[in-house]
Amino acid sequence: DSGVTQTPKHLITATGQRVTLRCSPRSGDLSVYWYQQSLDQGLQFLIQYYNGEERAKGNILERFSAQQFPDLHSELNLSSLELGDSALYFCASSVGTSGSEFFGPGTRLTVL
Amino acid sequence: QQQVKQSPQSLIVQKGGISIINCAYENTAFDYFPWYQQFPGKGPALLIAIRPDVSEKKEGRFTISFNKSAKQFSLHIMDSQPGDSATYFCAASIRASKLTFGTGTRLQVTL
């Protein structure tokens, strides 16, 4: 158990809908990262927040957004969902702006 | 553009054998190279990591070999066990942030 928690574990929704994925980092970690894992794209970095502020951006679609709250938990919002958004979404955390990243168990999103 | 290339895609090793997974990178600015292990239905778990100022790092049965001039690094699993059966990902990053992952190697250790 990495100490990173993610909810929900599974999410099934329809195209065009909007969902919110939640992540709580390990105690003491200030950075939160979001990754997408799909069969065709592998594990891809989406975005990083550090202590409430956006730190780095990767291959994140404009339909996706994230934020980190004062209690350091983070939410990833996915809107106008498409079939191709079906994937595993992982959250990871680290102590500082960089450093070893510890992954949560993931949220499996299925868009029908 | 795939910045970290990983091979093989899958690997079958007998119990007690050595598993070897290779990765090559393109970006010379990368300075942190971790390996992650992922079991089905779980998130990736950090296994071992190396920085380019050393050529080898060993932790138990797991060893990373690093060749800076060739821009390659590899994971060796000694005395492979059935419990090691998982998918292994190499990764690279700058200052240990924003990981770029390889495509993964599915390892199966047979009895």
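For the stretch B:58-70, the candidate set comprises residues that are modelled with pLDDT of 95 or more and under 30 Å from A:Arg55 (Cα atoms); within that set, the residue that is surrounded by the most Cβ atoms within 10 Å (Cβ to Cβ) is B:Ile64. I'd like the residue in the stretch B:72-94 that is over 14 Å from the mean Cα position of the chain (by Cα) and modelled with pLDDT of 95 or more and, out of all such residues, is farthest from B:Gln14 (Cα to Cα). Across the stretch B:72-94, the extreme among qualifying residues is B:Gly83.
On inspection, B:Val54 fails the criterion of being farther than 20 Å from A:Gln41 by Cβ, away from chain A (no Cβ under 14 Å), surrounded by 15 or more Cβ atoms within 10 Å (Cβ to Cβ) and aliphatic (A, V, I, L, M). Confirm whether A:Asp29 is buried (at least 20 other Cβ atoms within 10 Å of the Cβ), within 14 Å of chain B (Cβ to nearest Cβ) and over 12 Å from the mean Cα position of the chain (by Cα). For A:Asp29, the condition - buried (at least 20 other Cβ atoms within 10 Å of the Cβ), within 14 Å of chain B (Cβ to nearest Cβ) and over 12 Å from the mean Cα position of the chain (by Cα) - is met.
Applying the criterion of at least 1 residues that are at positive phi and in contact with a Lys or Arg (Cβ under 6 Å, 6 or more places away or on another chain) to the strands (runs of 3 or more DSSP E) found wholly in the stretch B:36-111 leaves an empty list.
Number of residues in the stretch A:33-45 that are under 19 Å from A:Thr5 (Cα atoms) and either more than 10 Å from every other protein chain (Cβ to nearest Cβ) or surrounded by fewer than 17 Cβ atoms within 10 Å (Cβ to Cβ) (or both) equals 2.
There is no residue in the stretch A:92-103 that is more than 14 Å from chain B (Cβ to nearest Cβ) and in contact with a strand residue (DSSP E or B) (Cβ under 9 Å, 6 or more places away or on another chain). Could you check, for the stretch B:57-64, whether at least one of its residues is under 20 Å from A:Phe45 (Cβ atoms) and not basic (Lys, Arg)? No, that holds for no residue. Within the stretch B:18-30, the set of residues being of a type outside the set (A, V, I, L, M) and either crowded, with 16+ Cβ neighbours inside 10 Å or within 15 Å of the chain's Cα centre (by Cα) (or both) comprises B:Ser19, B:Asn22, B:Cys23, B:Tyr25, B:Phe30.
The residues of the stretch B:25-49 that are under 21 Å from B:Leu107 (Cα atoms) and aliphatic (A, V, I, L, M), listed by number, are B:Ala45, B:Leu46, B:Leu47, B:Ile48, B:Ala49. Taken residue by residue, the stretch B:88-98 has no member that is more than 14 Å from chain A (Cβ to nearest Cβ) and among the β-branched types (Val, Ile, Thr).
The values are calculated or read from the model by the stated rules, or taken from the named source; none is laboratory data. Model, not experiment: these values are computed from the prediction. Cβ coordinates were reconstructed from backbone atoms using ideal geometry, including for glycine residues, and neighbour counts include every protein chain displayed.
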